Each structure stands twice: as structure tokens, then as C-alpha cells.
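Novice: Here's a structure for you.
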Amino acid sequence: MDKKIVAFINEHHVLTLATSHEDEAYCSNMFYVYLEEEKCFVFTSDRDTKHIADISHNLFVAGSIALETETIGKIQGLQFQGMAFEVSGDLKKKAKKAYLKRFPYAILATTPLWAVEMTYAKLTNNKLGFGKKLIWKKDTLGL
């Protein structure tokens, strides 16, 4: 993955997550931390939220992170696709440590950790040239 994509992700902390179930789309905003090695966003959320209910039926999600600006030359934004899941096993300790490092006040939260493993990312970055896009796609063959 291009380091410019990773840098953009790490410069921000709120993403919009799009989920769907039975032909009904839904968006939610959440704080996240990014685990570069796993290429996944980690967030916390109650199990009884609409977006988590949607994920329990359809793990394929999409999302975005945007820099809010009116200056055309500064426009930057990431769109992504991925698969969402509740964090468990070996990943849970690493994810919790990273999340609490970024958001120490979350130590009080009792909600589970969730992750979105990215399968596709497109960064639009006008700082690199008008309409410049950097695209990454997961190698599904693991090569």
C-alpha cells in the first residue's frame, strides 16, 4: 500500500462506515485507529447498533475519510471497501492496546472492538495534482 495512503489514514481519526442489510443502506461515524500491518481500521461499538446489526448479516462494508476544505488544491479523501468483524484472538490484544493509546478515555468503555480489514482503497489527493488518485487493492491470492 502506498505510504501516502497510510499517512492520510493516520492523520485522521474519524471515518464514515456504510453498511447494508436487505437493500437498506446505512452510514455511521466512528473514531478509529489503524493497524498498518493488518490493513484494518479498529473501532468500538455496541452490539445493538444498526451498523453492527447490519454487519452481522452482511460483513461487506464501505467507508470514507475526508478532509473538509473548500480549497480545491487541498482536497483529499479516502474511499475504501472491506470486511467487518468483531476483534478476537491474537488481534484483540494488539487492537485494544493501539485503540487505548490513541483514545485513552476509552478505558472506561465496555463495548467490544470491531475491525474492517480493507480490500480496496482509493485516495484522492489534489496536493499531488488535480484529481490525482492512488489506488490499492488487496491481492486475494496472497502473493
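The rows are residues; the columns are (1) touching a strand residue (DSSP E or B) at 6+ places or on another chain (Cβ under 6 Å); (2) acidic (D, E).
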position: N29; (1), (2): yes, no
position: V33; (1), (2): yes, no
position: E38; (1), (2): no, yes
position: S56; (1), (2): no, no
position: V61; (1), (2): yes, no
position: T71; (1), (2): no, no
position: I75; (1), (2): no, no
position: L78; (1), (2): yes, no
position: Q81; (1), (2): yes, no
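Novice: If you scan segment 19-37, which residues turn out to be within 30 Å of K127 (Cβ to Cβ) and either part of a helix (DSSP H, G or I) or touching a helix residue (DSSP H, G or I) at 6+ places or on another chain (Cβ under 7 Å) (or both)? Before you say what the answer is, go through the steps one by one.
Specialist: Quick first cut of segment 19-37, residues within 30 Å of K127 (Cβ to Cβ) only: 27-37.
Scanning segment 19-37 gives S28, V33, Y34, L35, E36.
Novice: Which of the residues that make up segment 35-62 are in contact (Cβ under 8 Å) with a residue 40 or more places away in the chain and hydroxyl-bearing (S, T, Y)?
Specialist: Selection gives T44, S45.
Novice: Would you point out the residue of segment 53-91, among those that are of a type in the set (S, T, N, Q) and part of a loop (DSSP other than H, G, I, E, B), that is surrounded by the fewest Cβ atoms within 10 Å (Cβ to Cβ)?
Specialist: So, considering only residues that are of a type in the set (S, T, N, Q) and part of a loop (DSSP other than H, G, I, E, B), the one surrounded by the fewest Cβ atoms within 10 Å (Cβ to Cβ) is T71.
Novice: What number of residues within segment 94-143 are of a type in the set (D, E, K, R) and in contact (Cβ under 8 Å) with a residue 40 or more places away in the chain? Reasoning before the result, please.
Specialist: Within segment 94-143, the subset of a type in the set (D, E, K, R) is 94, 96-97, 101-102, 117, 122, 127, 132-133, 137-139.
The next check asks that each one be in contact (Cβ under 8 Å) with a residue 40 or more places away in the chain; those that pass are 94, 101-102, 117, 122, 127, 138.
Summing the residues that are of a type in the set (D, E, K, R) and in contact (Cβ under 8 Å) with a residue 40 or more places away in the chain in segment 94-143 gives 7.
Novice: Now for a different question. Residues being part of a helix (DSSP H, G or I), surrounded by 14 or more Cβ atoms within 10 Å (Cβ to Cβ) and either in contact with a helix residue (DSSP H, G or I) (Cβ under 6 Å, 6 or more places away or on another chain) or aliphatic (A, V, I, L, M) (or both): count how many of those fall in segment 1-13. Full working, then the answer.
Specialist: Residues of segment 1-13 that are part of a helix (DSSP H, G or I), as a first pass: 3-11.
Going one step further and asking which of them are surrounded by 14 or more Cβ atoms within 10 Å (Cβ to Cβ), we end up with 4-6, 8-9.
Applying the additional criterion that residues be either in contact with a helix residue (DSSP H, G or I) (Cβ under 6 Å, 6 or more places away or on another chain) or aliphatic (A, V, I, L, M) (or both) yields 5-6, 9.
So the answer is 3.
Novice: If you don't mind, another one. Here is a check on your reading of the model: is D90 among the charged types (D, E, K, R) and modelled with pLDDT under 95?
Specialist: yes
Novice: Moving on. Any idea which of (1) part of a strand (DSSP E or B); (2) touching a helix residue (DSSP H, G or I) at 6+ places or on another chain (Cβ under 8 Å); (3) surrounded by fewer than 17 Cβ atoms within 10 Å (Cβ to Cβ); (4) among the β-branched types (V, I, T) is the one T16 doesn't satisfy?
Specialist: Result: T16 fails condition (2) only.
Novice: So which residues in segment 38-52 are hydroxyl-bearing (S, T, Y), surrounded by 17 or more Cβ atoms within 10 Å (Cβ to Cβ) and outside any strand (DSSP E or B)?
Specialist: Keep residues of segment 38-52 that are hydroxyl-bearing (S, T, Y), which gives 44-45, 49.
If we keep only those that are surrounded by 17 or more Cβ atoms within 10 Å (Cβ to Cβ) too, we end up with 44-45.
The answer is S45, and nothing else.
The values are calculated or read from the model by the stated rules, or taken from the named source; none is laboratory data. Keep in mind the model is a prediction, meaning the values are calculated, not measured. A quick note on method: Cβ atoms are made from the backbone with ideal geometry, for glycine too, and the neighbour counts reach across all protein chains shown.
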